[in-house]
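Take a look at the structure set out below.
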Amino acid sequence: MALTLHTEKSIFSHGHALLKDYLAISKFKVVAMLVLTAWVGLALAPDMGRGLFVQLASLLGIGLLSAAAAVINHVVDSEIDSKMARTRHRPVAKGRLSKQHALSFAAAIGTAGFMMLIIWANTLTAILTLFALVGYAFIYTSFLKRATPQNIVIGGLAGAMPPLLGWVSETGHMAAAPWLLVMIIFTWTPPHFWALAIARKSDYERAKIPMLPVTHGIEFCKTCVVAYSVLLALVCVLPYLIGMSGGIYLMAASALNAIFVYKALKLKLGGKDDTAMDLFRFSIVHLMLLFIALFIDKWLLL
């Protein structure tokens, strides 16, 4: 009996550890944020009378393909990850999951996500989401990340696509309005990642990744963070100006961007690693609350 209980505990412990590794290589928290922005894009789209189950299945399909891209990123970057303090304990970099194992998992969830979009959304959404996967997992991770300090600016478009994907999953066609949401994330991405790159400059130098603070210096990078933070504040006003959102969103966006610009200026005016990490952490909260405000504004106007 004792041996049986020990065996069961061992199996449970192994299964729990494996699940944690799967969630880690899927970048679960990042994917959850992407799905949130896709959900808001879907909610802001014209009501097409689709049922809740179909909408949730569409969002899950987008999430699964996003997770597959994250897994591929872990595989491609495993050598780099092993050289960086922030990432050296990742499952593939550490050897807890083999590259073949991870790629098989990516293929399984990617195929499932694509088929869900074909069945419960539409072909256009499935193709656009697949393009976003290729853009992030291959064009950005395999080439841009290693080739240019503008890697995150150019490659940021792939990560900015979910609001458009959510909209298209609902309507079946593209429109101008969701591209404003894409622009918000696209503009938000550089100061978000550059703040992290400033705090982890030595890691990127060791891994020979040409992030902006490595190639152009920390002070220049701080200036770029401030410039993009101001640009982000301006871009965030656009949904209100075209009537896509109302006063609730405008007040929330104004407050959130004022804090963002303040933290960026604080970083520029002598901030150190902890100031950069403070901005990085706030930027995540900023984007989440910004899109929640968009949804609440839309819901209260119904």
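Within the stretch 73-98, how many residues turn out to be hydroxyl-bearing (S, T, Y) and within 17 Å of A199 (Cα to Cα)?
First pass over the stretch 73-98, keeping only residues hydroxyl-bearing (S, T, Y): 78, 82, 87, 98.
Of the ones still in play, those that are also within 17 Å of A199 (Cα to Cα) are 87.
Qualifying residue count for the region: 1.
Consider only pairs whose beta carbons are under 9 Å apart and that are at least six residues apart or on different chains; among these, list those whose first residue lies in the stretch 219-238 and is farther than 16 Å from L269 by Cα and whose second residue is in a loop (DSSP other than H, G, I, E, B) and among the aliphatic types (A, V, I, L, M).
L238/M244
Hey, any hits in the stretch 140-152 for a residue that's assigned to a helix (DSSP H, G or I), hydroxyl-bearing (S, T, Y), surrounded by 22 or more Cβ atoms within 10 Å (Cβ to Cβ) and at pLDDT 95 or above?
There is no residue in the stretch 140-152 that is assigned to a helix (DSSP H, G or I), hydroxyl-bearing (S, T, Y), surrounded by 22 or more Cβ atoms within 10 Å (Cβ to Cβ) and at pLDDT 95 or above.
Does I109 satisfy the condition of being of a type in the set (A, V, I, L, M), over 18 Å from the mean Cα position of the chain (by Cα) and at pLDDT 95 or above? Don't jump to the end; show me each part of the working.
Values: of a type in the set (A, V, I, L, M): yes; over 18 Å from the mean Cα position of the chain (by Cα): no; at pLDDT 95 or above: yes.
No, not satisfied.
Hey, among I248, I185, which residue is touching a residue at least 40 places away in the same chain (Cβ under 8 Å) and open to solvent by less than 40 Å² (accessible area, probe 1.4 Å)? I'd like the intermediate steps shown before the answer.
Details: I248 fails: open to solvent by less than 40 Å² (accessible area, probe 1.4 Å).
Just one listed residue meets the conditions, I185.
Considering the stretch 257-291 alone, what residues qualify as being closer than 22 Å to G247 by Cβ and without any contact (Cβ under 8 Å) to a residue 12 or more places away in the chain? I'd like the intermediate steps shown before the answer.
Applying the first criterion (closer than 22 Å to G247 by Cβ) to the stretch 257-291 yields 257-261, 285-291.
Of everything in the stretch 257-291, just one residue is closer than 22 Å to G247 by Cβ and without any contact (Cβ under 8 Å) to a residue 12 or more places away in the chain, namely V285.
Which residues, counting only those in the stretch 33-60, are closer than 20 Å to A176 by Cα, open to solvent by 10 Å² or more (accessible area, probe 1.4 Å) and not in a helix (DSSP H, G or I)?
Correct list: P46, D47, M48.
Is it the case that some residue within the stretch 64-82 is surrounded by fewer than 20 Cβ atoms within 10 Å (Cβ to Cβ), touching a residue at least 12 places away in the same chain (Cβ under 8 Å) and under 30 Å from G172 (Cβ atoms)?
No - not one qualifying residue is present in the stretch 64-82.
The values are calculated or read from the model by the stated rules, or taken from the named source; none is laboratory data. Note that the structure is a prediction, hence the values are computed from the model and not measured. Cβ atoms come from the backbone with ideal geometry, glycine included; neighbour counts cover every protein chain shown. SASA here: full protein model, heavy atoms, side chains in, ligands and nucleic acids out. Shrake-Rupley method; radii C 1.70, N 1.55, O 1.52, S 1.80 Å.
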